[in-house]
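Report on the following structure.
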Ligand SMILES: Cc1cc2nc3c(=O)[nH]c(=O)nc-3n(C[C@H](O)[C@H](O)[C@H](O)COP(=O)(O)OP(=O)(O)OC[C@H]3O[C@@H](n4cnc5c(N)ncnc54)[C@H](O)[C@@H]3O)c2cc1C
Ligand code: FES
């Protein structure tokens, strides 16, 4: 399968698209394509495309980028999904740009600090909510959900869905409500009051986390003080 | 260049499981740390771990014990690991797992509500605690949550997206004696340098920072980036280790490279089919075209498909010369796959387009883990005072072959142990000056040649002639990675026997006179000193 690839080279002014053709198997991932391009560029002595990757298997969230306008992980986006043979790669747009396809996603980690995603006291493990806590702990912190969120902007107060998804495991394992006092205040201020319930975050999650379910569970615990 | 005097803080390089564990331990002891990593912890290789972590919790009524855990670990490592260190680690393992539980790790539970345990290779007892087949991710999330708390409290400073450049040294401190040197009777010239920090570079801004602290713990993961296709993360480049080697840090056991028996080519690297698949009942077979040969079960009636990885990989390697080899999970109850192997089933569906409930997967051995790494004593200190190592970059617990489930344990326990040992420097006032040596820039593209050369000859089966030719080929290269690669080959050539993961067709027997560790270090420029 042959695809025409356009990669936004943004650090050079003015920004331009680097265009090349890649011939591979329909099952090849965009990440494989990028690695291949860079290896060839290295042997030619050309400049490589700057991007981040790690696991190449949908587990570390490093390779998030916009692929044909949609935030996705390059290592789990495959050529067969782009039948028209055109692939446009751009950096995520909601985070400070670093180089080519790399953005600085520190905002994701800052968001989790801002809503106190940590155990402030002893952990109470309840088998009844084990599955949902597991889902919550599966978040890749890739930033795709923030990229599609109409209310999130890096550097501003609103944390986006990462707060609710990750906050759940903390809320659900608290040993008594007192432990959640500070977290509840922070959650309301930085997440709950800013969420417009577009739920764009639910469909986009590359880890397949049931985002909507975790949001409603987190809201129940952290806004209405219910046991979840 | 910014100079950050990190006062009496301890500097940790690498924020995977070992680095996080070190930071948490230091904070508990009242010592602050700076946690440096090329990528945020959330992206470290540790999140990829699947099958689980070993601890003799003995909740299955099988009579397991820490002593048995020790014996099986030491035996699988073919008796060359640091015996004292292995004993300590296996004894501490149940507490390590309980501590992880107390941080909120979502381990699977058995019918009695205990942490569930599964079988893993080379072990006769159910001893591997797991969180479905995403154990690494679940453990990492819990430890990152804990470190986030410490960050908010100002006890840990996380500098993600920073590359290690080199070490800082100052004059030796006469009162502090490195206990690693006590074990290093092979090495005559003890190092007089005292490590007091690191030079790191911000990957996003290019800015270099001179970080001066009271000690440094290296937790930079395995040496994957020096080889072509491994199951590991591309973030573990091996660059930091190559720099340490250039600086004269001693390495050990470099010839011992673990090939995982069941991997598949995917995305330009190897994808792991976790040992958990066989732990839960998956079976290996060779397909002759007419029938299936369950070669592991036939040859090894006791442990069958769960023989240690070195043995299983070799059997598959030789079998594949005749027939393709498959891993069959289709007979496993659906409930087991859904509850215990969900991640593995998902990965196979996504990347291999295989439904493991219905069809077998063709497998081959692939590089997975490095038993070799930085040489330390049982206290995790190197021969350089104030320099420690933990996790996959540190060669200590696994000898010639690692048991599955022991490296997550080694990373958590090792990070903790290194931190506790480093405490002896915590109150030593920072030196006002620290010197370093600017590392040379490696010629572009040379790493590609290094990867090819090492991968070609350090396979499941090796031979002297090919390795000597590879050593010759390396002579034309000048990077520090090439110098480091030479050490791998010299160790492998020197060991004229077969032991654990090091199998030489020209010396197929294990030999008593080689029952010891290989030590490699740079002396006077580039040459590698006595591998033994
Ligand atoms: C697919 C897979 C499955 C596995 N499953 C299991 C399992 O089930 N059980 C088990 O026991 N083991 C398993 N392992 C092995 C185990 O996961 C690793 O050995 C362990 O997680 C290593 O932890 P670590 O902290 O030493 O290193 P890592 O998690 O690799 O972390 C290394 C850290 O160092 C940083 N770093 C690297 N280079 C630099 C540099 N130059 N400058 C600055 N920072 C740097 C990285 O960013 C990262 O933060 C598995 C491994 C793989 C690849
Ligand atoms: S490289 Fe890890 S998620 Fe894509």
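The values are calculated or read from the model by the stated rules, or taken from the named source; none is laboratory data. Predicted, not measured: the structure shown is a model, and the values here were computed from it. Using ideal geometry, Cβ is built from the backbone for each residue, glycine included, and neighbour counts are taken over all protein chains shown.
Numbers below:
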quantity	calculated
Lone qualifier among B:213, B:289 - being away from ligand 2 (no atom under 16 Å from the Cβ) and touching a strand residue (DSSP E or B) at 6+ places or on another chain (Cβ under 6 Å)	B:213
Any chance residue B:36 is more than 20 Å from residue B:122 (Cα to Cα), more than 14 Å from chain A (Cβ to nearest Cβ) and touching a strand residue (DSSP E or B) at 6+ places or on another chain (Cβ under 7 Å)	yes
The range A:31-50 - residue that is within 14 Å of another protein chain (Cβ to nearest Cβ) and touching a strand residue (DSSP E or B) at 6+ places or on another chain (Cβ under 6 Å) and, of those, surrounded by the fewest Cβ atoms within 10 Å (Cβ to Cβ)	A:50
Test result for residue B:362, closer than 25 Å to residue B:501 by Cα, surrounded by fewer than 24 Cβ atoms within 10 Å (Cβ to Cβ) and either within 14 Å of another protein chain (Cβ to nearest Cβ) or modelled with pLDDT of 95 or more (or both)	yes
Filter pass, residue A:69 being within 18 Å of the chain's Cα centre (by Cα), outside the structural domain of residue A:148 (by TED's automatic domain parsing) and surrounded by fewer than 16 Cβ atoms within 10 Å (Cβ to Cβ)	yes
Filter pass, residue A:136 being in contact with a strand residue (DSSP E or B) (Cβ under 9 Å, 6 or more places away or on another chain), closer than 30 Å to residue A:91 by Cβ and buried (at least 16 other Cβ atoms within 10 Å of the Cβ)	no
Those residues of the range B:104-135 which are within 14 Å of chain A (Cβ to nearest Cβ), in a loop (DSSP other than H, G, I, E, B) and surrounded by fewer than 18 Cβ atoms within 10 Å (Cβ to Cβ), in sequence order	B:110, B:111, B:112, B:113, B:114
So residue A:90, is it away from chain B (no Cβ under 14 Å) and modelled with pLDDT under 95	no
Set B:480, B:521: member being away from chain A (no Cβ under 14 Å) and within 16 Å of ligand 1 (Cβ to nearest atom)	B:480
Scan of the range A:187-210 for residues that are within 24 Å of residue A:120 (Cα to Cα) and in contact with a helix residue (DSSP H, G or I) (Cβ under 6 Å, 6 or more places away or on another chain), ordered by number	A:187, A:190, A:191
Selection status of residue A:207, within 12 Å of chain B (Cβ to nearest Cβ) and either in a loop (DSSP other than H, G, I, E, B) or touching a strand residue (DSSP E or B) at 6+ places or on another chain (Cβ under 8 Å) (or both)	yes
Considering residues of the range B:30-44 that are closer than 20 Å to residue B:388 by Cα and not in a loop (DSSP other than H, G, I, E, B) only, the residue farthest from ligand 1 (Cβ to nearest atom)	B:33
Identity of the residue in the range B:229-239, more than 17 Å from residue B:407 (Cβ to Cβ) and either at pLDDT 95 or above or within 6 Å of ligand 1 (Cβ to nearest atom) (or both), that ends up farthest from the other protein chains (Cβ to nearest Cβ)	B:239
Subset tally (residues that are without any contact (Cβ under 8 Å) to a residue 40 or more places away in the chain and outside any loop (DSSP other than H, G, I, E, B)) for the range B:417-464	6
Filter result for the condition that a residue is modelled with pLDDT of 95 or more, buried (at least 17 other Cβ atoms within 10 Å of the Cβ) and within 23 Å of the chain's Cα centre (by Cα), over B:471, B:493	B:493
Boolean, residue A:82 is out of contact with any helix residue (DSSP H, G or I) (no Cβ under 6 Å at 6 or more places or on another chain), within 13 Å of chain B (Cβ to nearest Cβ) and away from ligand 1 (no atom under 16 Å from the Cβ)	no
Residues located in the range A:126-153, provided they are more than 10 Å from chain B (Cβ to nearest Cβ) and not in a helix (DSSP H, G or I)	A:126, A:143, A:148, A:149, A:150, A:151, A:152, A:153
Inter-residue pairs, beta-carbon under 8 Å, first outside the structural domain of residue A:82 (by TED's automatic domain parsing) and in the range A:6-30, second modelled with pLDDT under 95 and not in a strand (DSSP E or B), 6+ apart	none
Pair list, Cβ under 7 Å, 6 or more apart: the range B:381-410 residue touching a residue at least 60 places away in the same chain (Cβ under 8 Å), other residue assigned to a strand (DSSP E or B) and surrounded by fewer than 24 Cβ atoms within 10 Å (Cβ to Cβ)	B:385/B:194; B:386/B:194
Condition met for residue A:123 (within 12 Å of chain B (Cβ to nearest Cβ), closer than 24 Å to residue A:62 by Cβ and in contact with a helix residue (DSSP H, G or I) (Cβ under 9 Å, 6 or more places away or on another chain))	no
Number of positions in the range A:37-76 that are over 13 Å from residue A:143 (Cβ atoms) and either modelled with pLDDT of 95 or more or within 15 Å of ligand 2 (Cβ to nearest atom) (or both)	19
Residue match in the range B:322-338 (condition: on the phi > 0 side of the Ramachandran plot and within 14 Å of chain A (Cβ to nearest Cβ))	no
Among the residues listed as A:79, A:112, the single one being at pLDDT 95 or above and either away from ligand 2 (no atom under 16 Å from the Cβ) or under 12 Å from the mean Cα position of the chain (by Cα) (or both)	A:112
Residue within the range B:25-32 that is surrounded by fewer than 22 Cβ atoms within 10 Å (Cβ to Cβ), within 14 Å of another protein chain (Cβ to nearest Cβ) and touching a residue at least 12 places away in the same chain (Cβ under 8 Å) present	yes
Filter result (surrounded by fewer than 23 Cβ atoms within 10 Å (Cβ to Cβ) and either within 16 Å of ligand 1 (Cβ to nearest atom) or assigned to a loop (DSSP other than H, G, I, E, B) (or both)) within the range B:272-294	B:280, B:281, B:288, B:289, B:290, B:291, B:294
